[in-house]
Structure formats: structure tokens, C-alpha cells
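Read the structure below first, then the notes.
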Amino acid sequence: MVVEDFEDNRFMMRRLLEMSGYHVLEAINGEEAIRIAEQEHPDLILMDLSLPLLDGLAATRRIRERDSLRNVPIVAVSAHDTADFHAEALAAGCNDYVTKPIDFDQLEALLHRLLPEKTAGSAQ
């Protein structure tokens, strides 16, 4: 699942993931991300940290509170590349952190590491 409030960024990430064979769910804010995650149980969540209504860190914390979603890998996505942002994301429950603009080769390697048993055609 891609959680991103800017349509252009969301579109780009979705297209690149779909071209690699992934089925992509989308959310535009933290509240929607929680609702969709509860309904659809995605294999992985790419969570923008700067979101309207409920930011990505708060959404991650709430997702981690749900037993059924506790083990879903969550990757923080942010334009901020500082140690403080990385530490805060990991403390909130993110498994990893990528910076914008996203290096898709790096993201692909990260997806393969976090979803080793999934093939691109079956991951969400």
C-alpha cells in the first residue's frame, strides 16, 4: 500500500510498483491508511511521514496497535534525511526508511528484503 497525499508522487510510485508486478492499494492520509490496512491487510506499507489529518508516524503507531497488522512491514518515506527523522520513524514502528526522491532500484531491493517469500505478482 502506498500512503501519499500528493497525487503526482502517489501516481509515480504506483506505476513503478505496478510495472514490477505489484498490486497497489492507495491512501491519501493517515486515517485512510489505517482504515484500508484494517480492511485489506496489505503485505507492506510505504508510509509518507507528512500527511494531512493524521501524520505517518501517528498512523504507524496506530497500525502497530492492531494485532492483525503488527507484523506488516512499514517503510517510512520522507524528504527529510536526518538521523532524528530516521530514529523517530523506527521508534514509531517503521521497519525501514527511504528518502525522496525515491531511488526505485533501492526501493526494489528493500521490497525483496522485507517480502522475501512474496513474488512481485502477489504483493500488495
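Summary of values
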| read-out | value |
| --- | --- |
| Fluctuation leader among Thr99, Thr60, Thr82 - the chain, Gaussian network, Cα springs under 10 angstrom | Thr82 |
| Total formal charge among the other residues, if their Cβ is under 15 angstrom from that of Gln106, Lys/Arg +1 and Asp/Glu -1 | -3 |
| Calculated FRET value between Glu18 and Asp81, using beta carbons and R₀ = 22 Å, to 0.05 | 0.25 |
| Extended-chain gain in nm, criterion 0.36 nm per residue less alpha-carbon gap, Phe104 and Asp67 | 10.3 nm |
| Amide H contacts of Tyr97 (H built 1.01 Å from N, under 5 Å, at least 5 apart or other chain) | Ala76 |
| Ellipsoid equivalent to the chain - semi-axes via the Cα gyration tensor, in Å | 19, 17, 15 |
| Once exposed loop trypsin sites (Lys or Arg not before Pro) are cut out (DSSP; at most 16 other Cβ, 10 Å), longest piece of the chain | 1-65 |
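Every read-out reported here was derived from the displayed coordinates using simple, explicitly stated rules and does not represent laboratory data. None of the values given here were measured: they were computed from a predicted structure. Positions of Cβ are backbone-derived with ideal geometry, glycine not excepted, and every protein chain shown enters the neighbour counts.
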